[in-house]
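To start, the structure itself, in structure tokens.
The values are calculated or read from the model by the stated rules, or taken from the named source; none is laboratory data. Here the structure is a predicted model, which is why all the values come from computation and not from measurement. Virtual Cβ from ideal backbone geometry, glycine too; neighbours counted across all protein chains shown. These accessible areas exclude ligands, DNA and RNA; they are computed on the full protein's heavy atoms, side chains included. Shrake-Rupley method; radii C 1.70, N 1.55, O 1.52, S 1.80 Å.
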Amino acid sequence: MLVLAALGLAVALAWLGPMDAAASAHAQAGLKRALATFAAARALNAAISVAKGTELSVAPAGLGVTLTPGQVLDPVDDLVEQFSSLMLMASVAFGVEIALIRMGAHWLVAAMLTAIAVAWAWRAWRGQPRLAWLDRLVVAALLVRFAMPLVVLGSEAGFRLFLEGDYAAGQAAIESSGREIDARAAPSAVPKGEESIADRLKGWWSRAPDVGQKIDELKAVAGRAIEHVVRLIVVFLLQTLVVPLLLLWALVRLGKGLVAPGGRAGSGT
């Protein structure tokens, strides 16, 4: 009777869909976070690329020398470029989650689950022998209907509990790193809308004679960016890959345990 009641509740939830709206909203929020991080990473990558390509002419001891101080940002440039690709994939992963939630919430899936549950309940109510294939079909229908909302809700709970702080700090850091590279110089006489990043970098370089200090400042910006980019990679890998796969694996294992010989659902002929 308990199993029949639980199955009836599952059918009701399949039609009413109370988890679908919450799971879809969380997936949409994750998609917005990934897109915002992707945009910040692309902006940082653009600023670094301009800084790397900016050549500055100095004349120490009367000798003309052409320098490219932005080359110290080369390691972080490669990392940020790969990070941008990862953020694009994370955005796609959230989009796939949203699509799968909508597919699972379709009335055809609910109707399929209802038909299978009615067939299973009818045999159980009449005391007929259990059929292993029907038990597996019930579990499979439940997974198709509820697995994705449960996975999304679980991964979002993990993000809120353990990862939200790292995400906020990392997002703010990569945005500020791009602004720092972009603002290495004070405003010049060139109108703000017409002054390029390269122009400001050249002005900053010409107004500060200490070459070592300038390179140290760029290295400091790069170091902070690398640390927070790695943290953001960890955050999005956990939320879009590791935690969802672990939760899905746990649900599948639970389903197999219910229909395995000797399990709750048992096997029959």
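State all residues of segment 86-115 that are of a type in the set (Ser, Thr, Tyr) and under 14 Å from Gln239 (Cα atoms); if no residue qualifies, say none. Of everything in segment 86-115, just one residue is of a type in the set (Ser, Thr, Tyr) and under 14 Å from Gln239 (Cα atoms), namely Ser91. Scanning segment 59-84 for residues that are at pLDDT 80 or above and open to solvent by 70 Å² or more (accessible area, probe 1.4 Å) yields Asp78, Glu81, Gln82.
Being aliphatic (A, V, I, L, M) and modelled with pLDDT under 80 is the filter here, so list the residues in segment 221-269 that pass it. So that I can check it myself, show each step before the final result.
In the first step, residues of segment 221-269 are kept if they are aliphatic (A, V, I, L, M); the result is 221-222, 225-226, 229-230, 232-235, 237-238, 241-243, 245-248, 250-252, 254, 258-260, 265.
Within segment 221-269, Val221, Ala222, Ala260, Ala265 meet the criteria.
Which of the residues belonging to segment 30-58 are open to solvent by less than 40 Å² (accessible area, probe 1.4 Å), modelled with pLDDT under 75 and small (Gly, Ala, Ser)? Once the filter is applied, which keeps residues that are open to solvent by less than 40 Å² (accessible area, probe 1.4 Å), modelled with pLDDT under 75 and small (Gly, Ala, Ser), segment 30-58 yields only Ala51. Candidates Trp120, Trp133: the one that is part of a helix (DSSP H, G or I), surrounded by 15 or more Cβ atoms within 10 Å (Cβ to Cβ) and aromatic (Phe, Trp, Tyr) is Trp120. The residues of segment 91-115 that are open to solvent by less than 20 Å² (accessible area, probe 1.4 Å) and under 15 Å from Leu7 (Cα atoms), listed by number, are Ala110, Leu113.
The residue pairs whose first member lies in segment 79-101 and is of a type in the set (Asp, Glu), whose second member is open to solvent by 10 Å² or more (accessible area, probe 1.4 Å), and whose beta carbons are closer than 7 Å, counting only pairs six or more residues apart or on different chains, are Glu81/Asn45; Glu97/Met148.
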